[in-house]
Amino acid sequence: MTGILGSGEYRYEPAPDWAKLPPELVLGDVAGIAVDARDRIYLFNRGDAPVVVQSENGEVLTAGGHGLSKKLKPGDPAPT
């Protein structure tokens, strides 16, 4: 994907190689993204490390929550 996305005040340019993830850190579906006042990016995903924190340059600062999210398969009962 190339080019500018969005319009008006909210315009973004995709940076496909921005994230510098180590090979052992595989993201699942990303369900949410947040940015704090220090420009750290929080990725909430469905991988083995549900919370990944990255710098504004894409470097992984920390990853956590290992084993806290259960991967559901078709036919599994919904969590209670």
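In nm, to one decimal, how far is the modelled label at ALA37 from the one at ASP17, with both set 7 Å along Cα→Cβ?
Placing both labels 7 Å along Cα→Cβ, they lie 3.5 nm apart.
Rg and Dmax in Å for the chain, alpha carbons only: what are they?
15.2, 44
What list of ³J(HN,Hα) couplings, whole Hz, do you get for the range 11-16 from phi and the Karplus terms 6.51, -1.76, 1.60, once you set θ to phi - 60° and write x for glycine and proline?
10, 9, 10, x, 10, x
Please list the radius of gyration and Dmax for the range 19-64, considering alpha-carbon atoms only, with Å as the unit.
For the range 19-64, the Cα-based Rg and Dmax read 9.7, 28 Å.
Under the Karplus relation 6.51 cos²θ - 1.76 cosθ + 1.60, θ = phi - 60°, what is the ordered set of whole-Hz ³J(HN,Hα) values for the range 45-56, x standing for Gly and Pro?
Rounded to whole hertz, the list is 9, 9, x, 5, 10, x, 10, 10, 10, 10, 6, 5.
If the chain between TYR10 and VAL53 were fully stretched, how many nm would it gain, using 0.36 nm times the residue separation less the Cα-Cα distance?
Length difference between fully extended and current span is 13.2 nm.
Each value in this text was obtained by applying a stated rule to the coordinates, not by laboratory testing. Note that the structure is a prediction, hence the values are computed from the model and not measured. Note that we place each Cβ from the backbone using ideal geometry, even for glycine, and neighbour counts take in every protein chain shown.
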